[in-house]
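So the structure is just underneath, and the comments pick up after that.
The values are calculated or read from the model by the stated rules, or taken from the named source; none is laboratory data. The structure presented is a predicted model; accordingly, all values stated were derived computationally and were not measured. We place every Cβ from the backbone using ideal geometry, glycine too, and count neighbours over all the protein chains shown. Remember, those area values only see protein heavy atoms, side chains included, never the ligands or the DNA or RNA. Shrake-Rupley method; radii C 1.70, N 1.55, O 1.52, S 1.80 Å.
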Amino acid sequence: MSLVEIKSIVDNPPKSRNEKLASLMRRLMMCEELVRGWDKMIISCETQRLPAPRIQIYQESTKVSLFSHFEFSNIPVEDKLWATYMHACVKYAEGDALTNESLRERFGLKDTSAGSISRLIKEATEKKWIKPLDPTTARRYMKYIPFWA
């Protein structure tokens, strides 16, 4: 997913293609109009330690794919990077920042996986999906936020 596509998810208001159906679903409390759905979906995936949802944006619609549990080693690199970005967004929304420890916890990994998580963070930083909160901090204590923050 490109930065433009990511930004369009964050910045655009919801748009219903069938307003009568959407209105009925809101009254039945099956959906909402406060745009909290993205946050709820991402946080649920994180707490269940599931891969981040795959989001595909089309001209007039959006497709979201949810996944069951995968071992960390079986998750494709692009999906790991996407989960890293989403984790940074969740932490930022909570008033915190992504760390090596928080990302290990998000994926359910032990301290011995710190090296592989550092490489993942480095790649997400190189792709400019996340950035250091304070670039002068010692590498061990580095915290990261989404690129747009």
| message | Just to be sure I understand, how many residues within the stretch 3-53 are within 19 Å of Val90 (Cα to Cα), at pLDDT 85 or above, in a loop (DSSP other than H, G, I, E, B) and open to solvent by 50 Å² or more (accessible area, probe 1.4 Å)? | response | 2
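From the list Glu94, Glu60, exactly one residue is within 30 Å of Lys15 (Cα to Cα), open to solvent by 80 Å² or more (accessible area, probe 1.4 Å) and touching a residue at least 12 places away in the same chain (Cβ under 8 Å). Which is it?
Working: Glu94 fails: touching a residue at least 12 places away in the same chain (Cβ under 8 Å).
Residue meeting the stated conditions: Glu60.
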| note | Residue pairs qualifying under the 8 Å Cβ cut-off, at least six apart or on distinct chains, with the first in the stretch 66-80 being closer than 18 Å to Glu123 by Cβ and the second being at pLDDT below 90 and of a type outside the set (Phe, Trp, Tyr), are Ile75/Pro51; Asp79/Pro51; Asp79/Ala52; Asp79/Arg54
| task | State yes or no: is Arg119 within 21 Å of Arg140 (Cα to Cα), out of contact with any Ser or Thr (no Cβ under 9 Å at 6 or more places or on another chain) and among the charged types (D, E, K, R)? | result | yes
